[in-house]
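Worksheet: one structure, shown below.
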Amino acid sequence: MSTQPPQGGVEKTSDEAKLHELGYAQELRRGMSGFSNFAVSFTIISILSGCLTLFAFGMNTGGPMTMIWGWLLVGFFVILVGLGMAEVCSSYPTAGGLYYWSAKLAKKNSALWSWYTGWFNLLGQVAVTAGIDFGCALFIEGFLQYSNALSPTVGAHTVQHEVVLITAVLLAVHGLLNTFGVNLVSKLANISVWWHLLGVATIVVVLVIAPSHHSSASFVFTHFVNNTGFGVPIYVFLIGLLTAQYTLTGYDASAHMTEETHKADTAGPRGIVMSIVVSIIAGWILIVGVSFAIQPGKYTTEAAALVAPGQIFIDAIGKAGGLFLLLIAIVAQFFCGMSSVTANSRMVYAFSRDGAIPGHKRWHQINPRTRTPTNAIWFAAVGAFILVIPYWFNGAAYAAVTSIAVIGLYIAYVIPVYLRVRAGKDFKAGPWNLGKWGVLNGVVATVWTIFICVLLLLPQLKPITKVNFNYAPVAVLAVIGFATIYWFASARKWFTGPKVQGSAEELAAIERELTLVGAAAEEHMHETLHHPIETIEHELHIHEERDDHSHE
């Protein structure tokens, strides 16, 4: 890695120099490799989470045919969206990611473009975190019922309450894991990649070898199921694309982690694209493998089960084997939720750094010992739980949360891609770019995103009741309304887009102070462990002195 002459006695890497050019100090610890950056996005996409948690939805909304061919259709267009994002990421490798890109690419009203991009990204990030941990909680509930640790005969409301409580525990654990620092999360994300790949391989191989009966190829690749109440097959097929579109989200995490990644202007873009490509290949194999294990005579009961994949596993290979495969999926989903909180917190940290979130000073604070945004981590976890609470009262809330996640994220994804198209030749490409194909790629990606976002606002079941109503439009309009009112009432007077933290000398000073504070925090912790009583007395003395000064 190339370096520039040191300033103030601190050697500056090319990554830090690039970050300084963009106006930010190296506040976060840069300890991630390119593989770790890819691992975070791949873990958040988590085919063992999205594919399986919405498998029942797919079985009722188009069936195996829609899931299998819809996966490839959606995957093609998602690659185009990812390519457009990766190209911009290479030019602007910052934790802010999407909203920062919009500010830099917009020729007019850059602050307004940045503002809406940031709020849609925040909505999508919080919703996808909620959806992931909620799905994991649902699978844990199913596992406990199938293993008779919980009664399978309890009412629907009891199940809803138990799932919400399990989700709360998962979010708390993920908050604690992320609080310990980026190195631990990085290591777990690396493990997660292999867990997902080996897990998919294990599930597919077992489902190919162990069952005594399989569905026919014609059933798997051509059978269409419509349990939605709508009489138009093409509409049902399009609604069924939610399974693939929801799964293939979260890869913007590679952009949000660039301030913690080495060689960020190439590692970040590669992380975005490769996480999508690997997920599409492995996810298609998984969907085909599980579809072949469906027992046609039990299709209705499997599609209506609390955890459809779990019921399919048990029907195909027996209870013990089915629980083992279900456990593989649960562990993968746990890793997925952990990485989602990581990426979400970095977005909150960056957006707060630029003053856009109420209480931004608190959410932007860095833990001096771990160099992680601890307050932003808990903002992400609590925000996700708030979106889960409606499930306590309404069993249809999960489908709405997944739609909200897709809409929020993809609107945020496509705005900078669209602005890159408008910039044309004025776009300053980074070392990773699409060359002459950048504009055409951006146009197709933008059209697809508009189409899919409109589609996910439409009803998913008929007749429409308060139980199955698609609440996604309500949540999206609420965020648009809040962001708009906040903008005209206040933000337009002070939000100018991403803030510059200072000159090169000021940025270096911030970094030196963080290094010194971090070292002092480490020494303080060491002293506390070895001399706890003396340290506590010293702390009390310091606080007493501060109180005396404040009274004066």
Please state which one of Ala396, Ala381, Ala400 is farther than 18 Å from Gly118 by Cβ, at pLDDT below 85, among the aliphatic types (A, V, I, L, M) and open to solvent by less than 10 Å² (accessible area, probe 1.4 Å). Ala400
Six or more apart or on different chains, Cβ under 6 Å: which pairs go from a residue in the range 312-332 that's closer than 16 Å to Thr301 by Cα to one that's surrounded by fewer than 19 Cβ atoms within 10 Å (Cβ to Cβ) and basic (Lys, Arg)? Could you list them? Asp315/Lys298
Matching residues in the range 472-492 - criterion: being of a type in the set (Phe, Trp, Tyr) and open to solvent by less than 80 Å² (accessible area, probe 1.4 Å): Tyr486, Trp487
Might you let me know whether the range 338-353 holds any residue that is open to solvent by 40 Å² or more (accessible area, probe 1.4 Å) and in a helix (DSSP H, G or I)? no
Which count do you get for residues in the range 70-95 that are open to solvent by less than 10 Å² (accessible area, probe 1.4 Å) and either among the hydrophobic types (A, V, I, L, M, F, W, C) or part of a helix (DSSP H, G or I) (or both)? 16
Sort out which residues of the range 367-412 are over 17 Å from the mean Cα position of the chain (by Cα), polar (S, T, N, Q) and not in a loop (DSSP other than H, G, I, E, B), and write them in order of number. Asn367, Thr372, Thr374, Asn375
If you take the residues of the range 246-284 that are touching a Lys or Arg at 6+ places or on another chain (Cβ under 7 Å) and open to solvent by 10 Å² or more (accessible area, probe 1.4 Å), which of them is farthest from Ala405 (Cα to Cα)? His262
For the range 421-451, which residues satisfy the criterion of being basic (Lys, Arg) and in contact with a Leu (Cβ under 8 Å, 6 or more places away or on another chain)? Arg422
Considering only the range 212-245, state which residues are assigned to a helix (DSSP H, G or I), open to solvent by less than 10 Å² (accessible area, probe 1.4 Å) and not hydrophobic (A, V, I, L, M, F, W, C). Thr243, Gln245
State all residues of the range 96-114 that are buried (at least 23 other Cβ atoms within 10 Å of the Cβ) and in contact with a helix residue (DSSP H, G or I) (Cβ under 6 Å, 6 or more places away or on another chain); if no residue qualifies, say none. Gly96, Gly97, Leu98, Tyr99, Trp101, Ser102, Ala103, Leu105, Trp113, Ser114
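The values are calculated or read from the model by the stated rules, or taken from the named source; none is laboratory data. All figures in this text were calculated on a predicted structure; none of them were measured in a lab. A quick note on method: Cβ atoms are made from the backbone with ideal geometry, for glycine too, and the neighbour counts reach across all protein chains shown. What goes into the accessible areas is simple: the full protein's heavy atoms, side chains included, and nothing from ligands, DNA or RNA. Shrake-Rupley method; radii C 1.70, N 1.55, O 1.52, S 1.80 Å.
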